[in-house]
Amino acid sequence: MKKIGFGGGCHWCTEAVFQSLEGVETVDQGFVRSDPPHDSWSEAVVVTYSESIMDLESLVEIHLRTHASTSLHKLRGKYRSAVYVFDDGQGKLVRDILNSLQPQFEEQLVTLVLHHRAFRLSDNRFQNYYETDPERPFCRAYIDPKLRMLRERYSDKVRAGI
């Protein structure tokens, strides 16, 4: 099993996106920080996945397509667009993947590759946010469209029944 972190938008959305994928064993939702100047807590998830079922390139591409990965909007402190890596080798792989995917985007990707330095879970009441009540207005407005796009564009990567 491998681990990787993703931050970009609301961690409720990010959690639901990765929970819907084949080969993803667990998704820990919370807050992550890296090295200065990126050492403030930012919403993110840590994904544990089976490399034999889900490849890193697909995870990174799905992450880029399910949040504003080309926007330096004003909430980037809270919603830092990043892939959090656990070692230098994984960092190099992710940078190579980002470079290979860049031509598929009209604008420059703003997604950072950062070292995972610390993580704290969200409150228990927010864990598995979508799974516990997909009828919430937030879920219908923000998460359902992302899951619909995943079913349409990445049907071979999505768990049955999603």
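Scan the range 49-64 and report the pairs whose first residue is closer than 14 Å to residue 147 by Cα and whose second residue is crowded, with 17+ Cβ neighbours inside 10 Å, with Cβ atoms within less than 6 Å and a gap of 6+ or a chain change.
Final answer for the pair search is 63/6.
Can you spot a residue in the range 76-86 that is over 14 Å from the mean Cα position of the chain (by Cα) and either among the aliphatic types (A, V, I, L, M) or more than 18 Å from residue 45 (Cα to Cα) (or both)?
Checked against the condition, which is being over 14 Å from the mean Cα position of the chain (by Cα) and either among the aliphatic types (A, V, I, L, M) or more than 18 Å from residue 45 (Cα to Cα) (or both), the range 76-86 yields no hits at all.
Any idea which residue in the range 47-68 is surrounded by the fewest Cβ atoms within 10 Å (Cβ to Cβ), counting only those that are at pLDDT 95 or above and of a type in the set (Gly, Ala, Ser)?
Checking each candidate, the answer is 52.
Filter the range 80-118 down to residues that are touching a His at 6+ places or on another chain (Cβ under 8 Å), more than 21 Å from residue 149 (Cα to Cα) and of a type outside the set (A, V, I, L, M), then give me how many there are.
4
Could you check the range 102-137 and list, in sequence order, the residues that are over 19 Å from the mean Cα position of the chain (by Cα), outside any loop (DSSP other than H, G, I, E, B) and closer than 25 Å to residue 72 by Cβ?
103
Restricting attention to the range 5-30, report how many residues are under 12 Å from residue 54 (Cα atoms) and either among the hydrophobic types (A, V, I, L, M, F, W, C) or in contact with a Pro (Cβ under 6 Å, 6 or more places away or on another chain) (or both).
Of the residues in the range 5-30, 3 are under 12 Å from residue 54 (Cα atoms) and either among the hydrophobic types (A, V, I, L, M, F, W, C) or in contact with a Pro (Cβ under 6 Å, 6 or more places away or on another chain) (or both).
Considering only residues that are surrounded by 13 or more Cβ atoms within 10 Å (Cβ to Cβ) and farther than 21 Å from residue 33 by Cβ, which ones fall in the range 72-95?
Of everything in the range 72-95, just one residue is surrounded by 13 or more Cβ atoms within 10 Å (Cβ to Cβ) and farther than 21 Å from residue 33 by Cβ, namely 93.
Are there strands (runs of 3 or more DSSP E) fully within the range 1-82 with at least 2 residues that are in contact with a Gly (Cβ under 6 Å, 6 or more places away or on another chain)? List them.
By residue number, 42-49.
The values are calculated or read from the model by the stated rules, or taken from the named source; none is laboratory data. Keep in mind that what you see is a predicted model, and the values were worked out from it rather than measured. All Cβ positions, glycine included, derive from the backbone under ideal geometry; neighbour counts span all protein chains shown.
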